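Notes to accompany the following structure.
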Amino acid sequence: MNAAIFLENSAGKYPDRTAVVSGDCRLTYRELDERSARLAGGMRNAGLRPGDRVAILFYNSHTFVETYFAAVRAGLVATPVNTRLAPPEMAYVLNNSEADALFYGPEFEEIVQRIRGELPAVKLFVSPRPEGSVQALDYEDFLAGGERLPESEPVAAADPCQIVYTSGTTGRPKGAVLTHGGVVWNFFNTVLAREDPPGQTILIIGPLFHVAPLNNQLTIHIGLGGTCVLMRKFDPEGVLRTIQKEKISVMVAAPAVYNLLMQHPGAETYDTGSVTHLTSGADKLPMETKRKILSFFPGIQGVYNAYGCTETTATATVLKAVDCLRKEGSVGQPVPFLQVRVVDEDGQRVPPGQVGELVCKGPVVMQGYFSNPKATQEAIRDGWLHTGDLARMDEEGYFYIVDRKKDMLVSGGENIYPREVEEVLYTHPEISDAAVVGVPDDVWGESVKAFVVRMSGSSLDAEGVIEYCKSRLASYKKPKAVEFLDVIPRSASGKALKNRLRSMP
């Protein structure tokens with residue numbers, strides 16, 4: 001079954017219902033289906049064939065949604081690109097995915113022109129209002145010229161649907177290949193476990209290049225005939241205003257987002273009573289934050305807490321709202337069509353209460369990392385996906401994420417790997433050694449702190465280190481704090497003693 005069936009079915013059942021709200025643009029299901037079908041026809045007319053990769057570089061918008069469903073409908077592989085990446089990072093993702101086409105927003109014209117010469121495989125560029133572009137076709141002209149693709153391309157469950165990039169332990173992004181079957185099974189898993197009601201109005205705050213907003217919010221509520229209100233960029237006052245104006249009934253966000261909303265001056269003056277179904281994910285949800293959420297959103301009966309990863313197409317476990325206060329710190333129980341275990345280093349189950357690595361097996365597990373068999377073999381062993389997260393399970397079968405097996409930190413819902421930042425620091429001519437850790441942050445959950453050893457005679461200051469990283473990495477990956485040391489504490493094997501660094505005042 002082609003994953004585009006969710007849009008096609010809803011268009012047939014609710015043609016005049018609003019499907020997407022994006023700024024001043026409001027599209028009904030009939031309009032969204034028609035525009036996506038024409039765009040799919042344009043893709044096929046341009047020579048794209050099933051299995052080709054279509055890179056999508058848009059902020060949250062109707063153009064992202066149309067391009068995504070068009071690509072999937074045509075049997076192409078949708079490849080969302082992180083809008084926050086620096087130009088070299090974008091070029092790497094586009095080349096690594098072997099993208100055949102790039103659909104992008106006009107805001108990225110300068111970046112695309114800058115890296116154009118580094119993209120030999122990309123043959124088709126399409127962008128709205130591409131004034132001054134030497135390579136892009138106009139989006140609306142391209143859509144209007146496409147012959148409507150009447151039905152979705154027949155695909156097998158194992159055929160690739162998406163390549164979603166997630167950072168690896170080496171800092172190089174890896175493209176998780178998610179199948180049509182995985183996207184469909186994730187729909188059932190999430191709806192059943194999260195008890196999503198049909199026909200609701202959801203506010204999508206997280207960027208659609210992430211797996212959860214794409215598969216657990218947009219796809220779910222398009223399939224349920226809901227209205228998806230897209231936030232182009234996160235802005236606390238804009239979110240509060242939109243909740244009140246659009247009478248949002250469903251919200252899904254990271255704890256940091258809820259904290260920023262509740263801490264915003266004048267937040268209490270907005271009407272949030274329309275929200276009746278609320279989920280937290282992407283990071284740990286402290287009990288104090290949970291209690292504040294319950295007070296701030298008077299229409300909810302509890303908070304759902306979801307855990308998952310890109311490699312599981314999004315959802316692995318869900319704590320239902322009814323258990324939100326009873327099971328402090330829990331991420332719930334496995335979704336219906338996924339096996340979840342906690343195992344030791346030998347892959348054997350550990351008893352309840354004992355910490356081990358969380359592993360998963362089922363139809364939503366990725367096919368593998370695109371063109372990276374070594375990383376795939378490391379991640380999937382005997383059919384089990386090794387998440388790298390340390391967890392425990394209680395006697396009732398509820399799971400708790402204890403820590404990260406790898407050094408990854410989460411800042412505002414964004415995954416950051418210290419080694420990637422360290423590799424940039426190592427390239428600075430005035431830095432002789434460096435180590436990066438995550439430190440607690442009242443707003444973002446965690447933030448990046450860099451420990452730096454300067455070259456002899458250097459006068460490099462913290463601002464210089466931060467600006468250097470900002471020019472070479474996505475802004476959210478740059479250090480928020482820098483501490484200069486005479487020497488980085490290391491073990492006998494040469495590994496930085498990061499626990500000691502984290503404990504430094």
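The values are calculated or read from the model by the stated rules, or taken from the named source; none is laboratory data. All values derive from a computational prediction rather than experimental measurement. For neighbour counting, all protein chains shown are included, and Cβ atoms are generated from backbone atoms with ideal geometry for every residue, glycine included.
Would you tally the residues in segment 388-413 being of a type in the set (S, T, N, Q) and in a loop (DSSP other than H, G, I, E, B)? Working first, answer last.
Kept after step one, since they are of a type in the set (S, T, N, Q), are these residues of segment 388-413: 411.
This time we only want the ones that are in a loop (DSSP other than H, G, I, E, B), so: none.
Final tally of qualifying residues: 0.
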Query raised in the report: Would you pick out the residues in segment 13-34 that are charged (D, E, K, R) and surrounded by fewer than 23 Cβ atoms within 10 Å (Cβ to Cβ)?
Result: 13, 16, 17, 24, 26, 30, 31, 34
Query raised in the report: Out of segment 160-206, which residues are buried (at least 18 other Cβ atoms within 10 Å of the Cβ) and acidic (Asp, Glu)?
Result: 196
Query - Candidate set from segment 122-135 (those that are of a type outside the set (Lys, Arg) and at pLDDT 95 or above); member that is surrounded by the fewest Cβ atoms within 10 Å (Cβ to Cβ) - result: 128
Report summary line: Residue hits (segment 55-99; buried (at least 24 other Cβ atoms within 10 Å of the Cβ) and on the phi > 0 side of the Ramachandran plot) are 75
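Show me the strands (runs of 3 or more DSSP E) found entirely inside segment 293-380 where at least 1 residues are within 22 Å of residue 197 (Cα to Cα).
Numbers: elements: 303-307, 317-319, 339-343, 356-361.
In segment 293-380, the matching strands (runs of 3 or more DSSP E) lie at 303-307, 317-319.
How many residues does segment 71-95 contain that are part of a loop (DSSP other than H, G, I, E, B), among the hydrophobic types (A, V, I, L, M, F, W, C) and either over 20 Å from residue 424 (Cβ atoms) or in contact with a helix residue (DSSP H, G or I) (Cβ under 6 Å, 6 or more places away or on another chain) (or both)? Full working, then the answer.
Filtering segment 71-95 for residues part of a loop (DSSP other than H, G, I, E, B) gives 74-76, 81-86.
Adding the requirement that they be among the hydrophobic types (A, V, I, L, M, F, W, C) leaves 74, 76, 81, 85-86.
Among the residues that remain, those that are also either over 20 Å from residue 424 (Cβ atoms) or in contact with a helix residue (DSSP H, G or I) (Cβ under 6 Å, 6 or more places away or on another chain) (or both) are: 74, 76, 81.
The qualifying residues number 3.
Any idea which of 78, 74, 101 is touching a Cys at 6+ places or on another chain (Cβ under 8 Å) and under 20 Å from residue 214 (Cβ atoms)?
Working: 74 fails: touching a Cys at 6+ places or on another chain (Cβ under 8 Å); 101 fails: touching a Cys at 6+ places or on another chain (Cβ under 8 Å).
That would be 78, the only listed residue that is touching a Cys at 6+ places or on another chain (Cβ under 8 Å) and under 20 Å from residue 214 (Cβ atoms).
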Query - Matching option when the condition is surrounded by 21 or more Cβ atoms within 10 Å (Cβ to Cβ), at pLDDT 95 or above and of a type in the set (Gly, Ala, Ser), among 316, 321, 256 - result: 316
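Please go through segment 424-472 and pick out each residue that is among the acidic types (Asp, Glu) and under 23 Å from the mean Cα position of the chain (by Cα).
Start the filter on segment 424-472 by keeping residues that are among the acidic types (Asp, Glu), which leaves 430, 433, 441-442, 446, 461, 463, 467.
Residues satisfying the conditions are 441, 442, 446.
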